[in-house]
Amino acid sequence: MKSRAHLFASAMRLFVRCFRLGRRRGQNKLIRRLRELWSYGRLCLKSLFYNSFTNSDTIIDSLFEPIYWLVDHITRWFGVAFVFLVIVLTSSIVLIVYICLLPLILHTYSLAWILWHIFYGHWNLLMIVFHYYKAARTSPGYPPQIKSDIPSVSICRKCITPKPARTHHCSICNRCILKMDHHCPWLNNCVGHFNHRYFFSFCLFMTMGCVYCSISSRNMFIDAYNAVETYYQTPPPPYTSKERIFHKCVIYLWVLCSSVALALGGLTLWHAMLISRGETSIERHINRKEQHRMQKKGKTFRNPFNYGRLHNWKVFLGVETRSHWLTRVLLPSGHPPYGDGLTWTHYPISTRNTMLAI
Ligand SMILES: [Zn+2]
Ligand SMILES: [Zn+2]
């Protein structure tokens, strides 16, 4: 009897132990399962957003993405309005020159001066119209979207395509641009490899045109300004409404041309300096950073696209012979730039006396 009770007690103890053990194993299994689910959820979340290029810049870019999107879209729409503004303002100046300035030149100047004004004014106008049209309508150049053997320096994070040297992504055009300089809202186009010369020539000839108009109309401006000053005297001066419109048109002509000459002249000089150094606007910032970085290491930075001042200009303008200074620079010319904008290894003009001045 005693042994039976002992056997029963032993069986009960074993059962209770097994039950406790089972409960602990069940708890561990539940915790493990929950941990697995948590890890799986995190992995799923990361797989949606993670790539090997993710860093703090990417996160900040992502946070500011809606603002960038808004600015880019506004700039895109403003581009159309800006082009319209350029055409309207330029046309208004040309109209005032024909109506107000040209009759005065024809009546007061000698024949030689009249001929010079007619020749220079029309040549300048032709160069402005030609280069503006070409700069706005010529594609700046895009890298191929398909896989190719073209040497690339990095991958565009937006296009997910290889980027050749000097290529940068334009967030307004939403694509990569060959030898990108900047996006110009006044052209509603990017300035890149194939229209850089047209852009610079437009800036240069527009500045020259504005300087010409400002200088030619300065005496008329002084007279018109003095006349307007007397408008509010008593008794009022006997100017007809036609004369008053004439005064205001001359003041508008001089103020607008002088302001544009100053602003655009500064921009043209800046771009001339960049071209002399064989840099684009974007490369100027990159090269300056690189220069400081190399300086700290005690090394000297050399721009691989700088062929020397004169050669940089020859490459930029496409001048191979002396006659090209006339036919390709001083006259409207639609010749394409050297190279395809994809590879940048050698000095493109092959002449006997050419020396690389890197
Ligand atoms: Zn891109
Ligand atoms: Zn662009």
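The values are calculated or read from the model by the stated rules, or taken from the named source; none is laboratory data. Predicted model only: the values in this text are computed from it and were never measured. Note that we place each Cβ from the backbone using ideal geometry, even for glycine, and neighbour counts take in every protein chain shown.
Structure summary
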{"item": "Residue check for residue 157: of a type in the set (D, E, K, R) and within 16 Å of ligand 2 (Cβ to nearest atom)", "result": "no"}
{"item": "Check on residue 264, modelled with pLDDT of 90 or more and farther than 30 Å from residue 343 by Cβ", "result": "yes"}
{"item": "Among the residues listed as 204, 262, the single one being away from ligand 2 (no atom under 16 Å from the Cβ), in the same structural domain as residue 129 (by TED's automatic domain parsing) and touching a Ser or Thr at 6+ places or on another chain (Cβ under 7 Å)", "result": "204"}
{"item": "Candidates 179, 248 - the one that is among the charged types (D, E, K, R) and in contact with a Gly (Cβ under 7 Å, 6 or more places away or on another chain)", "result": "179"}
{"item": "Residues of segment 129-173 that turn out to be surrounded by fewer than 19 Cβ atoms within 10 Å (Cβ to Cβ), on the phi > 0 side of the Ramachandran plot and modelled with pLDDT of 90 or more, as a count", "result": "0"}
{"item": "Set 256, 264: member being closer than 24 Å to residue 106 by Cα, of a type outside the set (S, T, N, Q), out of contact with any Gly (no Cβ under 8 Å at 6 or more places or on another chain) and part of a helix (DSSP H, G or I)", "result": "256"}
{"item": "Pairs where the first residue, in segment 314-327, is farther than 21 Å from residue 277 by Cβ and the second is basic (Lys, Arg) and assigned to a helix (DSSP H, G or I), C-beta under 8 Å, 6+ apart", "result": "320/314"}
{"item": "Unmet requirement for residue 99, which otherwise passes all of (1) of a type outside the set (Gly, Ala, Ser); (2) under 24 Å from residue 261 (Cβ atoms); (3) surrounded by 13 or more Cβ atoms within 10 Å (Cβ to Cβ)", "result": "(3)"}
{"item": "Single residue of 92, 56, 62 found to be within 30 Å of residue 118 (Cβ to Cβ) and of a type in the set (Gly, Ala, Ser)", "result": "92"}
{"item": "All positions within segment 274-296 that are in a loop (DSSP other than H, G, I, E, B) and touching a residue at least 60 places away in the same chain (Cβ under 8 Å)", "result": "280"}
{"item": "Some residue of segment 165-172 being touching a Pro at 6+ places or on another chain (Cβ under 8 Å) and among the polar types (S, T, N, Q)", "result": "yes"}
